[in-house]
Every structure is written in C-alpha cells, then in structure tokens.
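The structure that follows is given in the form of structure tokens.
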Amino acid sequence: MEDNNNNTRTELDELGEFGLIDQITQDFPLRNPSSLKGVGDDAAVIDHGGERTLVSVDLLLEGVHFDMTYTPLKHLGYKAAVVNFSDIYAMNGTPTQIVVGLGVSNRYSVEALDELYAGIRMACEAYHVDMVGGDTTSSRSGLVISITVIGKAPQEDVVFRNGAKPNDLLCVSGDLGGAYMGLLILQREKAEFLANPQMQPQLAGFDYVLRRQLRPEARKDVVELLKQAGIKPTSMIDISDGLASEIMHLCKESGVGCQLYEERIPLDPITAKTAKDFQIVPSVAALNGGEDYELLFTIDQKDYEKIQQLSSDVSVIGYMTPEKGIAELITPDNHVIPLKAQGFNHFKR
Ligand SMILES: [Mg+2]
C-alpha cells in the first residue's frame, strides 16, 4: 500500500532533502491573497489585515493515530489536512494556509510520499487552502505527520467554547458514530487477515462508515450556511473525540450544564446496523466513538426557527442548563444517565 500503482520505487536518498522538498511541494499554487509568500523562503508571509488569525496544530503518529496496513496514503494526506481545517471551522473561521511537518523512515519511497502529498493537495484544492511551507526529516519509527493550520475570521465572528448560556439549544451537524464503526470494520478485517492471509477483506456494504473513517470532510458548508442564515453560534467545537467528550468541553468552558436527548442523536442507518453487528448500542457509538469531525454548537433559542429551516443536516439534540458541569443523557423512556467523557484519549490506551 505504500507504493503507487506503476510499481516504480525511488529511494529517498536518491533525491536528498532538497530534491524531496522540491518534488513534494510542486503543484501547490497559492490561492489566497493573504498568502504573500509560500514555500521557498525561511518562513511563509501571511497578511491577515484587520482580521483575527487562528492557529491550530495536529500531530499524527503511525501506529498510534493511523495503521498503514489499511490506510491508503492519499486518504491519510487528505484526512491529516482536513482534520486541521475542521478546527478552524470550529472557531467559525476560514482556513487559509497549512505548513506540513513530516518525519519519514526509508521504509517509504518517494512515490509513497507523492501519494501522501497528492491527498494533501486534494484537500487544499477542495477547501481553498494554501500549503505554504514545512519541514521533512528522517524518522526511526514510522511516519509522523504534523500539520499546522492558519485561518482567519473577522473579530466579531470568532466563536469560542465558552459562550454557551443556560437555555441555549445544542445542535450538531451530520450524523455521528460512523467513523468509529469504520475503524472497527478495518480492525476486524486486519485481524482476520493476520489470522488467515488468504482471506479477502469483507468490506462490501460498509462504504459509508469506511469513508467516514478514512476520508472525512470538514463542515465548511455548515459554517457558511449558518453565516448566510445570520446565526452566530454562542459556542462551538468540532467532534474529534466523541459527542460526550465534546459536550463536556462546552459545559466546562461555558460554566453550564446540558440535557441531551438520546433519540435526537443523528445516526446513519449503516452506522446503526454496523454498531448492532458489533453489539454496541448505536447511540453509544456516537457518544464515545471519535473522529466524526462534525460541528457541535449552541445557539440562542431565538434562532430556533431559523435553524429548523436551515438544513435537515443540522439536528437540535438538547439544551443547556444552569447546572454547572452536569451533562445528562435523557433516554427515550425518560431515564437520566450522567454523561461521561470517555473519548479517544491516546494517553489512556
Ligand atoms: Mg477541535
């Protein structure tokens, strides 16, 4: 999976560091007027005028955050970029530039890195972002990808995690739990393959959840829809660690509580079916799974009508309460269960 289809393999040391940088940074045109200087100097130069600059970084380690046995490099590049864009959208901003740090062992060929960068390039095209710099170095333990994203927003548009008020409505985009189900399918097929290498992977029918895991999208469209409708969320976060964990973040930062209705949690039918196959309650997959990269946000009650007309892709799933830090799940038969943030804590594994 590390090499491209035509089976040529160019060793990294044939190109050298500078040759490699030239190779992987070609075909990254600058799209934003704020990108004054991109690759090719000691630093990129970015002009954000009077707007707020937003910065976020994400570090991905082979064997911790991704598994090369089932992750195509092009998808990995795409995902590594998109999850960073998602953090800027979660601030109600627009991502404009990325810098890419790469640690790579000689297990990878130049062609393999080309695949990775093809994915990064596709993400930059799709989200109108410029790749303006980076660094590559040799790694002794697998692939390391660190992407820093820079974004912007008018001062008055920036949305933080700490603005939710009691009675605000809790909303989420898209549907949840799919990426986690995709991961379970991939892990199951890997285990089957290791036990019996003659086995063909059984992936048919799971396209939706596999795509959610391997090639997620950031909700640029939702941020734009909200803006068009004149709705400014009072708080917002993107869902990287599971719904429960993100709700706890909003509650903690805003000093409020939350009542979440279990039957309102949006689930795709394939996600629900896959969860049942794994004997997981579908809403638990949404609450504790991760990597959906949907937006979770709160709005003032006066915006309820607007949000209902906005899009069927945004669900109102609960409301905020004055009970500081107390988040509860209300089941369909009216049981009240305190939410625990299990999340995807990589340090706990
Ligand atoms: Mg985030």
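State which residue is farthest from the ligand (Cβ to nearest atom) when the search covers only the stretch 238-247 and only residues that are modelled with pLDDT under 95 and not in a helix (DSSP H, G or I).
Among them, the one singled out is Gly242.
Can you pull out the residues in the stretch 252-281 that are crowded, with 18+ Cβ neighbours inside 10 Å and within 16 Å of the ligand (Cβ to nearest atom)?
The one that is crowded, with 18+ Cβ neighbours inside 10 Å and within 16 Å of the ligand (Cβ to nearest atom): Ser254.
From the list Leu260, Leu194, Leu225, Leu250, which one is out of contact with any strand residue (DSSP E or B) (no Cβ under 9 Å at 6 or more places or on another chain) and either of a type outside the set (Ser, Thr, Tyr) or outside any loop (DSSP other than H, G, I, E, B) (or both)?
Values: Leu260 fails: out of contact with any strand residue (DSSP E or B) (no Cβ under 9 Å at 6 or more places or on another chain); Leu225 fails: out of contact with any strand residue (DSSP E or B) (no Cβ under 9 Å at 6 or more places or on another chain); Leu250 fails: out of contact with any strand residue (DSSP E or B) (no Cβ under 9 Å at 6 or more places or on another chain).
After applying the criteria, what remains is Leu194.
Looking for whichever is touching an Asp or Glu at 6+ places or on another chain (Cβ under 7 Å) and assigned by TED's automatic domain parsing to the domain that holds Asp221 here; the options are Leu310, Leu295. Which one fits? Talk me through it step by step, then tell me what you get.
Numbers: Leu310 fails: touching an Asp or Glu at 6+ places or on another chain (Cβ under 7 Å).
After applying the criteria, what remains is Leu295.
Of the residues that sit in the stretch 168-222 and are surrounded by fewer than 18 Cβ atoms within 10 Å (Cβ to Cβ) and aliphatic (A, V, I, L, M), which one is nearest to the chain's Cα centre (by Cα)? Explain how you work it out, then say what you get.
First, pick out the residues of the stretch 168-222 that are surrounded by fewer than 18 Cβ atoms within 10 Å (Cβ to Cβ): 187-188, 190-205, 207-208, 211, 221.
So of that shortlist, the ones also aliphatic (A, V, I, L, M) come out as 191, 194-195, 199, 203-204.
Working: Ala191: 26, Leu194: 29, Ala195: 32, Met199: 31, Leu203: 23, Ala204: 24 Å.
So the residue we want is Leu203.
Okay, moving on. Note down all Cβ pairs under 6 Å where the first residue falls in the stretch 44-59 and is of a type in the set (D, E, K, R), the second is in a strand (DSSP E or B) and away from the ligand (no atom under 16 Å from the Cβ), and they're at least six residues apart or on different chains.
Asp47/Leu36; Glu51/Lys152
Next question. May I ask you to list the residues in the stretch 189-221 that are charged (D, E, K, R) and either touching a Lys or Arg at 6+ places or on another chain (Cβ under 8 Å) or at pLDDT 95 or above (or both)?
As a first pass, look at the stretch 189-221 and keep what is charged (D, E, K, R): 189-190, 192, 207, 211-212, 215, 217, 219-221.
Within the stretch 189-221, Asp207, Arg211, Arg212, Arg215, Glu217, Arg219, Lys220, Asp221 meet the criteria.
What is the one condition in (1) within 16 Å of the ligand (Cβ to nearest atom); (2) more than 16 Å from Gly182 (Cβ to Cβ) that Glu294 does not satisfy?
Tallying (1) within 16 Å of the ligand (Cβ to nearest atom); (2) more than 16 Å from Gly182 (Cβ to Cβ), Glu294 fails exactly one: (2).
Let me ask something else. Scan the stretch 98-121 for residues that are under 24 Å from Asp238 (Cβ atoms), hydrophobic (A, V, I, L, M, F, W, C) and away from the ligand (no atom under 16 Å from the Cβ) and jot them down.
Val99, Val100, Leu102, Leu116, Ile120
Yes/no matrix, rows are residues, columns are (1) in contact with a helix residue (DSSP H, G or I) (Cβ under 9 Å, 6 or more places away or on another chain); (2) part of a loop (DSSP other than H, G, I, E, B); (3) closer than 26 Å to Gly93 by Cβ; (4) basic (Lys, Arg):
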residue: Asn106; (1), (2), (3), (4): yes, yes, no, no
residue: Ala112; (1), (2), (3), (4): yes, no, no, no
residue: Tyr117; (1), (2), (3), (4): yes, no, yes, no
residue: Ala126; (1), (2), (3), (4): yes, no, yes, no
residue: Met131; (1), (2), (3), (4): yes, no, yes, no
residue: Ile147; (1), (2), (3), (4): yes, no, yes, no
residue: Ile150; (1), (2), (3), (4): yes, no, yes, no
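In the stretch 62-97, how many are among the acidic types (Asp, Glu) and either without any contact (Cβ under 8 Å) to a residue 60 or more places away in the chain or within 13 Å of the ligand (Cβ to nearest atom) (or both)?
Kept after step one, since they are among the acidic types (Asp, Glu), are these residues of the stretch 62-97: 62, 67, 87.
If we keep only those that are either without any contact (Cβ under 8 Å) to a residue 60 or more places away in the chain or within 13 Å of the ligand (Cβ to nearest atom) (or both) as well, we get 87.
The total comes to 1.
On the basis of being outside the structural domain of Leu225 (by TED's automatic domain parsing) and touching a His at 6+ places or on another chain (Cβ under 7 Å), does Val99 make the cut? Spell out how you get there, then give the answer.
On the way: outside the structural domain of Leu225 (by TED's automatic domain parsing): yes; touching a His at 6+ places or on another chain (Cβ under 7 Å): no.
Answer is no for this residue.
Right, another one. Do we find a residue being in contact with a strand residue (DSSP E or B) (Cβ under 8 Å, 6 or more places away or on another chain), closer than 18 Å to Phe28 by Cα and surrounded by fewer than 22 Cβ atoms within 10 Å (Cβ to Cβ) anywhere in the stretch 84-99? If you could, list the steps in order and put the result at the bottom.
Step one: list which residues in the stretch 84-99 are in contact with a strand residue (DSSP E or B) (Cβ under 8 Å, 6 or more places away or on another chain), which gives 84-99.
Now drop any that are not closer than 18 Å to Phe28 by Cα, which leaves 84-85, 95-99.
The next check asks that each one be surrounded by fewer than 22 Cβ atoms within 10 Å (Cβ to Cβ); those that pass are 99.
The answer is yes; a qualifying residue exists.
Name every residue in the stretch 43-61 that is more than 18 Å from Leu113 (Cα to Cα) and more than 16 Å from the ligand (Cβ to nearest atom), in order of residue number.
Taking the stretch 43-61 and keeping what is more than 18 Å from Leu113 (Cα to Cα), we get 43-58.
Within the stretch 43-61, Ala43, Ala44, Val45, Ile46, Asp47, His48, Gly49, Gly50, Glu51, Arg52, Thr53 meet the criteria.
Of the conditions (1) closer than 17 Å to Pro29 by Cβ; (2) touching a residue at least 40 places away in the same chain (Cβ under 8 Å); (3) out of contact with any Leu (no Cβ under 7 Å at 6 or more places or on another chain), Asp130 fails just one. Which one is it?
The single condition Asp130 does not satisfy is (3).
The values are calculated or read from the model by the stated rules, or taken from the named source; none is laboratory data. On a predicted model such as this, the values are computed, not experimentally measured, just so you know. Quick reminder, even Gly has a Cβ in these numbers, built from the backbone with ideal geometry, and neighbours come from all protein chains shown.
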